[in-house]
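Each remark here refers to the structure printed beneath this line.
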Amino acid sequence: MIRQRFKYFRTFHLKMEEEDVERKNIAFSVMLPSKGRNRRMRKKSFTEAVKEKYCMSDPNKIYTSGFVIDIKVTGKPKTSDSEAELAYLRNVVLNNSCVGHAGVPNEGLSSLCPNVVDLDLSSNDLTDWKDMLTILSNLQCLKFVNLARNKLQNKENTIQSWNAPLPQIENLVLNGTFTSWQDVIDLTKKIPSLTELHACENEYEDLDHPEDAYKCLQNITCLRLNNNRLRSWEEIWKLKHLPQLESLILSGNPIQHIFYKEEEECRICCLENPAEEMETERDISMEIQDIVEDIVGDVLQMADSMETKEGEESSKSTECQHGDPFSRLKLICLSETQLNNWTHCDELRKYPALKSLRIKDIPLVKKLDPEERRKLLVAHMPNIMILNGSEVTSTERDKSERHFIRYFMDKGSKPERFFELEAKHGKVTPLRDIDISGGYKEWINVTFIFKDKRIKEKVHVVDPIGNLRLKAAEKFLLYDSLLTFKLYHFACGPHHREEDQTFEELCKQTQSLPISRFDVMDGDELYVDATDNVFQNADGSLQYFHIYSYIAK
């Protein structure tokens, strides 16, 4: 009889042997009621944690009143992936699971979970890179690994001396592990397949590394260094020759300045090499002429020397041919940094491939309202096509540039961009002469137009622009094509200046932005296009005669 005063698990192991049947282990786990006493969580091995979470199955449990008996039968280890106990398992999530060490059996993990692709071990008690590398080496199918918030230490230079092959990991998360930058570089040397690296919250103040570090990061397309202690752009500049880098996330660092400079040294180096080679060849040719007359063997020796020297020169030439700094960088995130000067925006314009920028909560524009902040940033950086996740349309850019001129018109200190835009747009009406309040209303009346139907509707300008699409679908019964029909805004209301009376599509990618962002004002019209390309001709340009035919109706 089992008494209720037993509070926790008790396991009884029985061994039984049957005739002509191999010996098997049968484990009975008895779970009895507990009064809820708090117990300290015991550290587990990785193997134990996997079995505990993924090997338990309800059909093996016998439920009785008051307690549960769990019976599990285990035999010999599986020998192939198809026979593995968890061969089906692709994603293993063991965050906050008290994993403290590897605990990998001698036969490895081939009999347990050999096909794991995604592994999440964040927020555990792993402290030694030896345990971590042991786990990774036994999961050769891994592509994504999250080790965040494990205080991993590289004891006895385990990373540098590790010889066992590691899987072809593509995405590695080391946030809050406090792994040194040098150890990160040495680790990536052993994972050449890596394309995305997360190294946030590691208190990095510098990114010192050997000159050839870019070679081990040559496949990195996305590098995340959020919330470190990087202050100087000189540290970021050390990443300039990562050949595939497209996204660089630096938010939360106290960066105070930005620059971009051409690598003249590289170009000079490359230009000097041919002259040096020609001079070397002339000298060698003269030596050969003298030596040939004496000993043929010396000639052969000299030829070998030439080949070696040419190889060295070729190697030096290759090293200097990196191309432009940050030649493929398309996206950069600088939110919550300490940038406070418009010259920093000027420097961002120099990055050759930069198209997308995230820049929020910086001293430069923090005191401005969101609408004005966006307009000034859009106008200052003509190379940016996506700002803070929202596409910049040609109409928005044009209006922003005019606003930029008005904003700085009466200020004593003007950025260089002001004079560029003034040369482009000419003199514009000063802000003091524009009745800003006349066109802005919290509630406005707009007209929805679909074919020959016109419906006036009152809308709230702080609502998301996507609400206009919902209203159009409701009024014209277009629920079936809600995600496909196009919505065009015609700025024809009385509060628009003649230069601002535009006709443009309201982009589907910006459905969460407020209506006011798109200068939709009282009296404007919204055209619904439920067919393909009604407003476009063969070469993609707008057919304005169609527009006016709608207006005439």
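Structural remarks
- For the range 210-217, the count of residues that are touching a Ser or Thr at 6+ places or on another chain (Cβ under 8 Å) and closer than 20 Å to Leu142 by Cα is nonzero.
- Hey, Ile455 in contact with a helix residue (DSSP H, G or I) (Cβ under 8 Å, 6 or more places away or on another chain) and modelled with pLDDT of 90 or more or not: yes
- Filter pass, Lys360 being over 22 Å from Thr221 (Cα atoms), among the charged types (D, E, K, R) and assigned to a loop (DSSP other than H, G, I, E, B): yes
- Hits in the range 105-145 - residues which are of a type in the set (D, E, K, R) and in contact with a Cys (Cβ under 7 Å, 6 or more places away or on another chain): Asp125
- Single residue of the range 142-175 satisfying the filter (of a type in the set (Gly, Ala, Ser) and touching a Leu at 6+ places or on another chain (Cβ under 9 Å)) that is surrounded by the most Cβ atoms within 10 Å (Cβ to Cβ): Ala148
- So Lys240, is it surrounded by fewer than 20 Cβ atoms within 10 Å (Cβ to Cβ) and in contact with a Phe, Trp or Tyr (Cβ under 6 Å, 6 or more places away or on another chain): yes
- Scoring Thr179 on the criteria (1) under 21 Å from the mean Cα position of the chain (by Cα); (2) of a type in the set (S, T, N, Q); (3) at pLDDT below 95 leaves a single failure, condition (3).
- Only a single item in (1) outside any helix (DSSP H, G or I); (2) at pLDDT 90 or above is not met by Glu422, and it is number (1).
- For first residues located in the range 487-516 and in the same structural domain as Tyr527 (by TED's automatic domain parsing) and more than 17 Å from Val528 (Cα to Cα), partners that are of a type in the set (Lys, Arg) and modelled with pLDDT of 80 or more and lie 6+ apart or on another chain with Cβ distances below 7 Å form the pairs Asp500/Lys399.
- Of all residues making up the range 393-415, the number that are surrounded by fewer than 20 Cβ atoms within 10 Å (Cβ to Cβ) and acidic (Asp, Glu): 2
- Annotation note: of Leu94, Leu112, Leu121, Leu126, the sole residue that is modelled with pLDDT under 95 and under 15 Å from Ser45 (Cβ atoms) is Leu112.
- Single match in Gln338, Gln321 (criterion: modelled with pLDDT under 95, surrounded by fewer than 19 Cβ atoms within 10 Å (Cβ to Cβ) and of a type in the set (S, T, N, Q)): Gln321
This table checks each residue for (1) part of a strand (DSSP E or B); (2) crowded, with 16+ Cβ neighbours inside 10 Å; (3) aromatic (Phe, Trp, Tyr).
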position: Val446; (1), (2), (3): yes, yes, no
position: Ile449; (1), (2), (3): yes, yes, no
position: Lys458; (1), (2), (3): yes, no, no
position: Leu468; (1), (2), (3): no, yes, no
position: Ala473; (1), (2), (3): no, yes, no
position: Asp480; (1), (2), (3): no, no, no
position: Tyr488; (1), (2), (3): yes, yes, yes
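- Only listed residue being surrounded by fewer than 16 Cβ atoms within 10 Å (Cβ to Cβ), of a type in the set (S, T, N, Q) and more than 15 Å from Val173 (Cβ to Cβ), chosen from Asn91, Asn138, Asn106: Asn106
- Scanning the range 490-506 for residues that are farther than 17 Å from Lys456 by Cβ and not in a loop (DSSP other than H, G, I, E, B) turns up Glu498, Glu499, Asp500, Phe503, Glu504, Glu505.
- Of the residues screened, Leu477 is not one that is farther than 24 Å from Ser394 by Cβ and modelled with pLDDT under 80.
The values are calculated or read from the model by the stated rules, or taken from the named source; none is laboratory data. Keep in mind the model is a prediction, meaning the values are calculated, not measured. Positions of Cβ are backbone-derived with ideal geometry, glycine not excepted, and every protein chain shown enters the neighbour counts.
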